[in-house]
Amino acid sequence: MAYKVIKDGGGESDKLSNKMMTTDEVKLLVNQILGQTFQYEIEPVEVKNFNPDGSIEGRYCVSEHDKPTPELQTFLPLNQNVIQYPIVDEIVLGLEVFVTIGPDNKPVGKRYYFSDLNPLPRRINSQQSNLSNTSSPNNLRNSIFIDEKNERVDVNEGDTIIQGRFNNSIKLSSNQPTLNSPKTNIQNGEGQVLMTQNQRVDYSEPTLKFSELINLDYNGPQINFDSDRIIINAKSDDIGIFAEGNVLIKGSKVDIENTNGGVNIKADTITNDISKNGGQIINKTKENAIPFPNLNMAGLLKQNFGVLKVFEGLTAGVPLLPSPIGIKKIVEGLKGAKDFIEATTNLEFLEQDVLTTKTPSEIAAALPIPGGFKNIVGDIETFAEDIEGNMEKLEKFVEDNKQVVENAQQINDAINTGDRKSLLNVLENVSDDDRKKIPGFSNALSIAQDKSIGGKDIERAQENGVFSAIEGYLAEASTGKDDLKTMKSFGKILKLTKQE
């Protein structure tokens, strides 16, 4: 707004007096009557230098056009509390106040600036170089500012915006026409603090992944912190997180540490569900200490059953040496020794994953189904599905084969005597049904029926493996009762692990 300041020219005390005057007195009187009029306006100013205290060196675009740079004057910020400081080459509005007449009879005042003149509403930065010195443009800019081409945030009528130049802003808005819907958004690059009421928020990841845990259609009063990293730091007192509803904490890893007073957890129910991805719970009671492992059931069973096989193999096999049956039993015992050595040297009997459960497949190596029973109950998992029913099948199988095993044992004893007639007598007393169940029965009968065969011939045939089928069957079937006991032990173990 333009304004005028009229200064009295001095001279006669009564300017309307009627008296004779000299020429000089007439000039003085005219000057006194008219006075001196100075006109001042708010005028565009080009910013040529920015000072650390917020003041600028600038040039009026009209009244000081092409004024030399050394003669530029200082403009102070008009409002120093809420202000967006200008940048070099930007155009602001300038004015002078407290104007007085200087020694050269020219007005002198204090200069201030405010509000930049932005030619485009979306632009935040509006450098307009050389508007105040077009005849001798100065292309050198005394500035460190880099224009990142950021734009102002979208606005609605009635909004209040504090807009920064660096993609940051504070927006006081609403969700109108919905009533009672204030909204405040503090934006800083990709991060924001959003406060809303009566409005649904568009959440980002990873919140969107947990829609089954939290209502994402919520439109009540809420505060949403959204950034790559959020840190809450209390230097000397508490941090409280209280909720009438649930408190949810999700992350790739959650660390809770208290080196002073410990961690207290109070609840009606505490559930540790670490079943996914081979989870584990490790309890450490001493600093820099290795958690002492619990016993691993599968490894311990492998160790124990390995020892058991060793004793069974030696006890049953040594008396039958040098027969193939005795050798086979000792070989089975050596397999048990191998299992024992592996479980011991590899520390398989110690559990590194503390408080873990075991599935039937995980303990299959420690609970192998005896070979003669696999065709009846399948693998350990199939056996675990119906322990009682499968045990009945095995007991019936052992009972039904009892007579067959006795016949096979009598045949083997007769072969060991080397007497053809004794062998023939035993073979002829076996029923037709049992003959079909004993492998190699036909070969043994053909040899026994050949009258040209002597005792030495039977011994050589045995050494050459002619009767190996009978011997192998007997080696497997003769342990049926012991294997049945083993399977009963497996059943008890599976029940204890609740895997039946």
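Structure values in brief
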{"read-out": "Qualifying positions in segment 418-430 - open to solvent by 80 Å² or more (accessible area, probe 1.4 Å) and more than 13 Å from residue 454 (Cβ to Cβ)", "value": "425, 428, 429"}
{"read-out": "Flag if residue 207 is within 22 Å of residue 43 (Cβ to Cβ) and among the β-branched types (Val, Ile, Thr)", "value": "no"}
{"read-out": "Options 157, 190; residue that is among the acidic types (Asp, Glu), in contact (Cβ under 8 Å) with a residue 24 or more places away in the chain and open to solvent by 60 Å² or more (accessible area, probe 1.4 Å)", "value": "190"}
{"read-out": "Only listed residue being open to solvent by 80 Å² or more (accessible area, probe 1.4 Å), polar (S, T, N, Q) and either at pLDDT below 85 or within 48 Å of the chain's Cα centre (by Cα) (or both), chosen from 138, 118, 142, 125", "value": "142"}
{"read-out": "Of the criteria (1) over 30 Å from residue 82 (Cα atoms); (2) hydrophobic (A, V, I, L, M, F, W, C); (3) open to solvent by 90 Å² or more (accessible area, probe 1.4 Å), which one residue 166 fails", "value": "(1)"}
{"read-out": "Close pairs (7 angstrom Cβ cut-off, 6 or more residues apart or separate chains): farther than 12 Å from residue 466 by Cα in segment 429-454, among the β-branched types (Val, Ile, Thr) anywhere", "value": "434/404; 437/404; 438/404; 438/470; 453/447"}
{"read-out": "Selected residue (criterion: modelled with the lowest pLDDT) from residues of segment 257-291 that are basic (Lys, Arg) and closer than 30 Å to residue 237 by Cβ", "value": "284"}
{"read-out": "Which numbered condition residue 216 fails, given (1) open to solvent by 60 Å² or more (accessible area, probe 1.4 Å); (2) assigned to a loop (DSSP other than H, G, I, E, B); (3) not β-branched (Val, Ile, Thr)", "value": "(1)"}
{"read-out": "Near pairs, Cβ below 7 angstrom, 6+ apart or cross-chain, from segment 62-78 (touching a residue at least 12 places away in the same chain (Cβ under 8 Å) and on the phi > 0 side of the Ramachandran plot) to any residue that is open to solvent by 70 Å² or more (accessible area, probe 1.4 Å) and assigned to a loop (DSSP other than H, G, I, E, B)", "value": "66/135"}
{"read-out": "Pairs with Cβ under 8 Å, 6+ apart, first in segment 98-124 and farther than 15 Å from residue 45 by Cα and of a type in the set (Lys, Arg), second part of a loop (DSSP other than H, G, I, E, B) and modelled with pLDDT of 85 or more", "value": "122/152; 123/152"}
{"read-out": "Scan of segment 436-455 for residues that are open to solvent by 80 Å² or more (accessible area, probe 1.4 Å) and either hydrophobic (A, V, I, L, M, F, W, C) or not in a helix (DSSP H, G or I) (or both), ordered by number", "value": "451, 452"}
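The values are calculated or read from the model by the stated rules, or taken from the named source; none is laboratory data. All values reported here derive from a predicted model rather than from experimental measurement. Note that each Cβ is placed from the backbone with ideal geometry, even for glycine, and that neighbours are counted across all protein chains shown. Side chains are part of the model used for accessible areas, which takes the heavy atoms of the whole protein and leaves out ligands, DNA and RNA. Shrake-Rupley method; radii C 1.70, N 1.55, O 1.52, S 1.80 Å.
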